[in-house]
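Engineer: Before we start, here is the structure in question, set down as structure tokens.
The values are calculated or read from the model by the stated rules, or taken from the named source; none is laboratory data. What you see is a predicted model, and the numbers here were worked out from it, not measured in a lab. Positions of Cβ are backbone-derived with ideal geometry, glycine not excepted, and every protein chain shown enters the neighbour counts.
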Amino acid sequence: MIDNLDITINTGDETYDISVLIPTWNNLDYLKLCISSLQKNSATNVQLIVLVNEGLDGTLNWLATQKNVDFIHAKDNIGICYGLNICRSLVKSKYIAYLNDDMYVLPNWDEILKDEISKLDTKLFMISSTMIEPHDTNNPCVNVKDYGDSLSNFNEDLLLKEYKSHSIPDWSGSTWPPNVVHVDIWDLVGGLSTEFSPGMYSDPDFSKKLYEAGVRTFKGVGNSLVYHFGSKSTKRVKKNTGRDMFLFKWGMTASFFSKKILRIGMPYLKLQKNREMTFTEKLIQKLKSLKVFLNR
């Protein structure tokens with residue numbers, strides 16, 4: 001049950017280019033750096049909306065001093081699914097971006113995304129920035145270079161000097177944050193699916209809902225860059241069974257959807273039509289479902 005929600009609105013009635021939703025969970029120092037980067041390095045008029053889970057580390061007191069940050073406080077940790085859906089009520093732009101609190105946006109990240117969106121003739125899209133991470137996690141969409149894996153060893157000056165060298169060709173399979181969707185499409189699919197609370201596998205599920213709604217542009221923009229320290233909050237979360245839930249809900253694994261349908265990490269190509277599974281693929285996915293069911 002969700003109760004004890006407090007909402008603080010500090011922004012005015014102006015129109016914003018992008019509304020950035022940032023969930024945080026007792027992670028104040030990283031949140032400060034994230035917001036600082038957004039304020040320094042954003043080129044458009046960005047609305048900042050923070051979801052504060054618990055906030056036992058001084059997060060609330062600090063946010064109260066920030067004039068241009070809206071925030072919602074949940075007394076208990078409600079996760080990202082309920083949390084981001086609640087943040088939707090504060091959005092004052094046509095576009096919703098989702099950003100982790102352990103990310104540092106690099107100059108013009110938002111203007112580059114806005115330019116990409118302006119080239120489209122549809123609201124049916126999901127567009128991501130490209131992450132730079134300090135360690136190789138075999139994510140084909142990430143550029144690996146170590147500028148620090150914690151605040152204590154973060155080399156901001158060197159990152160700002162070198163970040164342009166980490167631009168890569170645009171890639172297919174936008175799923176993870178930081179990503180942007182049109183607010184109408186967010187509403188069309190109902191935001192994040194709360195059955196995936198606190199949030200594991202809610203990202204590919206959201207992409208699958210967009211795919212079912214007709215989205216075929218899942219594009220990673222190679223020169224819109226964000227540094228990611230590496231899931232500082234999610235490592236503390238008690239994991240849900242999102243992998244199995246995705247399989248039972250959609251009749252395929254999240255891996256199959258990402259690799260075979262969205263073509264994640266491959267050179268960007270707009271999907272042209274609905275990708276039907278072959279008989280063999282369907283059989284394999286059913287056997288995977290049966291195996292998970294029998295092992296429960």
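Engineer: Test VAL221 against the stated conditions and say whether it is surrounded by fewer than 19 Cβ atoms within 10 Å (Cβ to Cβ) and closer than 23 Å to ASP101 by Cα. Spell out the reasoning first.
Structural biologist: On the way: surrounded by fewer than 19 Cβ atoms within 10 Å (Cβ to Cβ): no; closer than 23 Å to ASP101 by Cα: yes.
No; evaluated as a whole, the condition is false for this residue.
Engineer: In the stretch 1-94, which helices (runs of 4 or more DSSP H) lie fully inside it and hold 1 or more residues that are more than 18 Å from SER197 (Cα to Cα)? Working first, answer last.
Structural biologist: Numbers: elements: 28-41, 59-63, 79-87.
It comes to 28-41, 59-63.
Engineer: Further, regarding this structure: Which residue pairs have Cβ atoms closer than 6 Å, lie 6 or more positions apart in sequence or on different chains, and pair a first residue in the stretch 85-105 that is farther than 10 Å from LEU21 by Cα with a second residue that is of a type in the set (Phe, Trp, Tyr)?
Structural biologist: LYS92/TYR16; SER93/TYR16; ASP102/TYR30; ASP102/PHE229; TYR104/TYR227
Engineer: Identify the residue in the stretch 160-182 that is outside any loop (DSSP other than H, G, I, E, B) and of a type in the set (A, V, I, L, M) and, among all such residues, is farthest from LEU271 (Cα to Cα). It would help to see each step written out before you state the result.
Structural biologist: Restricting attention to the stretch 160-182, the residues satisfying the condition of being outside any loop (DSSP other than H, G, I, E, B) are 160-166, 171-172, 179-182.
Next, only the ones that are of a type in the set (A, V, I, L, M) stay: 160, 180-181.
Values: LEU160: 34, VAL180: 18, VAL181: 17 Å.
Going through the qualifying residues, I end up with LEU160.
Engineer: Another question, then. I'd like the full set of residues that are farther than 28 Å from LYS164 by Cβ and modelled with pLDDT under 90, limited to the stretch 218-247. Step through it out loud before you land on a result.
Structural biologist: Of the stretch 218-247, the ones farther than 28 Å from LYS164 by Cβ are 233-247.
Correct list: SER233, THR234, LYS235, ARG236, VAL237, LYS238, LYS239, ASN240, THR241, GLY242, ARG243.
Engineer: If you check ASN53 against the conditions, is it surrounded by fewer than 15 Cβ atoms within 10 Å (Cβ to Cβ) and touching a helix residue (DSSP H, G or I) at 6+ places or on another chain (Cβ under 9 Å)? Reasoning before the result, please.
Structural biologist: Details: surrounded by fewer than 15 Cβ atoms within 10 Å (Cβ to Cβ): no; touching a helix residue (DSSP H, G or I) at 6+ places or on another chain (Cβ under 9 Å): yes.
No, not satisfied.
Engineer: Could I ask something else about it? Could you please let me know if LYS123 is of a type in the set (Lys, Arg), out of contact with any Leu (no Cβ under 8 Å at 6 or more places or on another chain) and not in a loop (DSSP other than H, G, I, E, B)? Step through it out loud before you land on a result.
Structural biologist: Details: of a type in the set (Lys, Arg): yes; out of contact with any Leu (no Cβ under 8 Å at 6 or more places or on another chain): yes; not in a loop (DSSP other than H, G, I, E, B): no.
So LYS123 fails the test.
Engineer: Suppose the filter is out of contact with any strand residue (DSSP E or B) (no Cβ under 6 Å at 6 or more places or on another chain), part of a loop (DSSP other than H, G, I, E, B) and under 30 Å from ASP187 (Cβ atoms); does THR137 pass it?
Structural biologist: Details: out of contact with any strand residue (DSSP E or B) (no Cβ under 6 Å at 6 or more places or on another chain): yes; part of a loop (DSSP other than H, G, I, E, B): yes; under 30 Å from ASP187 (Cβ atoms): no.
Here the answer is no, as THR137 does not meet what is asked.
Engineer: Residue under question is ASP110, and the condition is that it be in contact with a strand residue (DSSP E or B) (Cβ under 9 Å, 6 or more places away or on another chain) and part of a loop (DSSP other than H, G, I, E, B); does it hold? Give the derivation first.
Structural biologist: Details: in contact with a strand residue (DSSP E or B) (Cβ under 9 Å, 6 or more places away or on another chain): yes; part of a loop (DSSP other than H, G, I, E, B): no.
No.
Engineer: A further question on this structure: So is LEU269 free of Cβ contacts under 8 Å to residues at least 40 places away in the same chain and hydrophobic (A, V, I, L, M, F, W, C) or not? Break it down into steps so the answer makes sense when it comes.
Structural biologist: Values: free of Cβ contacts under 8 Å to residues at least 40 places away in the same chain: no; hydrophobic (A, V, I, L, M, F, W, C): yes.
It is false that LEU269 is free of Cβ contacts under 8 Å to residues at least 40 places away in the same chain and hydrophobic (A, V, I, L, M, F, W, C).
Engineer: Moving on. Do any residues in the stretch 152-169 that are among the hydroxyl-bearing types (Ser, Thr, Tyr) have Cβ atoms under 7 Å from those of residues that are at pLDDT 95 or above and in a helix (DSSP H, G or I), where the two are at least six apart or on different chains, and which pairs are they?
Structural biologist: So the pair list comes out empty.
To keep it simple, each residue is scored yes or no on (1) under 18 Å from the mean Cα position of the chain (by Cα); (2) at pLDDT 95 or above.
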{"site": "GLU14", "(1), (2)": "no, no"}
{"site": "PRO23", "(1), (2)": "yes, yes"}
{"site": "LEU31", "(1), (2)": "yes, yes"}
{"site": "LYS40", "(1), (2)": "no, yes"}
{"site": "THR44", "(1), (2)": "no, yes"}
{"site": "VAL50", "(1), (2)": "yes, yes"}
{"site": "LEU56", "(1), (2)": "no, no"}
{"site": "ASN61", "(1), (2)": "no, no"}
{"site": "VAL105", "(1), (2)": "yes, yes"}
